[in-house]
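Working notes, beginning with the structure itself.
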Amino acid sequence: MNSIMIRAATSRIAFLLTAPVGSETIDVRERGAIDLATFECHDINRSSLIQRVCYDHAQRYLIVGIGGRYDDYCELTQPTFDGFMTAPSMGQFFNQKIRGSGSSDRYDCRTHRRPNH
């Protein structure tokens, strides 16, 4: 009986290891569903404001999770992303260097090229 249970468990593990991994899709405000297959995502636990960060390096496209919703930022440079990820205060960096306010948003996707995702 033990060998049958071991074979069954081994088969299940092998199936899980070879099963295709589906990509995740999230809903971005003012954009709709985005497939995260090309993004590098990080769950953030060191910020009281930022919950999740996803960045598509090739497209320079950032998605930030705050308060259960996602917003996108376009044409965000790699050095800015790196600074954001290593900032002592991610929330302060985000508010000062990325988010902006109104029409002065540096990376506002309404005024910058939004990639096709």
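The values are calculated or read from the model by the stated rules, or taken from the named source; none is laboratory data. Just so it is clear, the structure is predicted and the values come from calculations on it, not from any experiment. Cβ placement follows ideal geometry from the backbone for every residue including glycine, while neighbour counts extend to all protein chains displayed. Just the protein is used for accessible areas: all its heavy atoms, side chains included, with ligands, DNA and RNA removed. Shrake-Rupley method; radii C 1.70, N 1.55, O 1.52, S 1.80 Å.
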Item to check | Low-density loop positions, trypsin sites (Lys or Arg not before Pro), region 63-114 - DSSP coil, at most 15 other Cβ in 10 Å | outcome: R110, R113
Checklist outcome for this item: To the nearest 0.05, the calculated FRET efficiency linking R114 and N45 through their beta-carbon distance, R0 being 30 Å, is 0.55
Next on the checklist: Can you give me the % of accessible surface on region 30-117 that is carbon or sulfur? Probe 1.4 Å, all protein chains present, nothing else counted.
Outcome noted: 45
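Using a/c under 1.5 as the rounded threshold, could you call region 47-94 rounded, prolate or oblate? The axes a ≥ b ≥ c are square roots of the C-alpha gyration tensor eigenvalues, and prolate needs a/b larger than b/c, oblate otherwise.
Because a/c hits 1.5 or more and a/b fails to exceed b/c, region 47-94 counts as oblate.
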